[in-house]
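Every read-out reported here was derived from the displayed coordinates using simple, explicitly stated rules and does not represent laboratory data. All values derive from a computational prediction rather than experimental measurement. With ideal geometry, Cβ positions are generated from the backbone for all residues, glycine too; neighbour counts draw on all protein chains shown.
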Amino acid sequence: MAEEVGFMTMAGTKAEGEAPTIGIGMLGYAFMGKAHTNALKKLPYMMYPPVAVPKLVAICGRNAEATAEAAKRYGYEKYYTDYHQMIADPGVQVFDNGGPNDAHAAPTIAAAQAGKHVFCEKPLGRNAEESASMLEAARAAGVKHMVAFNYRFVPAIVLAKQLIESGKLGRIFHFRAVYLQEWIIDPNFPKIWRLDKSVAGSGALGDLGAHVIDLARYLVGEPKKVMGMTKTFIEERPLPDGSGMGKVDVDDAFATLFEFENGALGTIEASRFAQGRKNYNSLEINGENGTIQFNLERMNELNVFWANEEPKETRGFHNVLVSESYHPFWSNWWPQGHIIGWEHTFVHEFNHFFEAILGKHDVAPYGADFVDGYRNSVICDAIIHSAQSGRQVDIQYEY
């Protein structure tokens, strides 16, 4: 099977019925490097029997001491400080890019050109042009490509997707979502890379908004037009090295209106200045026959309302604990009511990617491929353009 899908360097010797081994080369050892590694190590015994067994071949980072420590901590066989060397490692078949946004394009393109399947954190690129170059490289190389929009793999979100696809909600009228955090309100919080446009591309828009925009496309469909506003509340912050102040050139918050191709209206807001909100990714979808509401801080729950439910005297929202054996992914986890967490979305996501590599299905439409990453970037760029021009912007894709 490996040879049929062009997996040239997958381990060629295995006992009949055993899962093949996939060699992982990880770029980045911090937040996402830890999250991805945690999922890769869990996958073989939780998504059982595994479609493939990840082998932690190498990890790469710019700081040799920190990267060596990460390799030891996480269990990678070796480490590199030059991603070109890691890509050239014959043991690496999948390039997993968990680095900061300015390290997404060049390493991922190089990996694709070397014939490695590519998995990249979101946002795909810092802008649509950069994302398009990554998509073009992956397509030209014929490798599998996936963007880590992991919230597609929350069981409650998958259940919402199934309800919408079944037609039970009927015509969709509204999509509204907010993604709120509070962690940079303090004006003395330093100007880290997420507050630097040259590194991050944008602020709350690419960090938080990209997730919600992906869910809007995933659940409701393509947007047709956007009207956006952005705001930077604190325009200067202390530099991390203590050498003075630096200008913040990304958004602290944004809000946008959407018109979808199917006629639905949407609103999306994201902010890192919402006191009391930790990781409040909340969305609501209103259809002619009912409503679905989800909040990531209660990620095992889905609130649903059915307009024609009988008896009408007790009609109202139902809080569904999405933890039954018949719910998405749940047969791999615990007995009902024993909830799972944010980290487990990555297990589901990598399992989906490995299945795609082995030819069981495509990455899209249930996973986000580089087309989805590119289109997300187009929408983000359109929101920024609308905010700068004060005008409504039409969404136009090249891919």
- Give me the aspartates and glutamates in straight-line cross-link reach of LYS144: C-alpha distance below 13 Å, same-chain residues under 8 apart excluded. ASP96, GLU136, GLU355, ASP362, ASP369
- Task: Using Cα positions and a limit of under 19 Å, work out the lysines in reach of LYS312, with same-chain residues fewer than 8 apart set aside.
- Result: LYS168
- Only bridges with both residues in the chain count here: give the DSSP antiparallel percent, nearest 5. 60 percent
- Item | For the range 299-399, alpha-carbon Rg relative to the globular expectation (2.2 N^0.38 Å, N residues) | 1.56
- Based on the Cβ-Cβ distance from ALA19 to TYR366, what FRET efficiency comes out when R0 is 25 Å, to the nearest 0.05? 0.75
- Item | In the range 221-272, GluC sites (Glu not before Pro) in a DSSP loop with at most 16 other beta-carbon atoms within 10 Å | GLU235, GLU261
- Message: What three numbers, in Å, describe the spread of the alpha carbons of the range 239-368 along their principal axes, ordered from the longest?
- Response: 65, 43, 34
- Message: Can you tell me which aspartates and glutamates have their Cα less than 20 Å from the Cα of LYS231? Leave out same-chain residues fewer than eight positions away.
- Response: GLU182, ASP186, ASP196, ASP207, ASP249, ASP251, ASP252, GLU269, ASP381
- What's the longest piece of the chain with no exposed trypsin sites (Lys or Arg not before Pro), counting a site as exposed if DSSP puts it in a loop and it has at most 16 other beta carbons within 10 Å? 172-277
- Looking at this model, which pairs from LYS42/LYS72; LYS116/LYS278; LYS41/LYS122; LYS34/LYS225 are more than 28 angstrom apart at the alpha-carbon? LYS116/LYS278; LYS34/LYS225
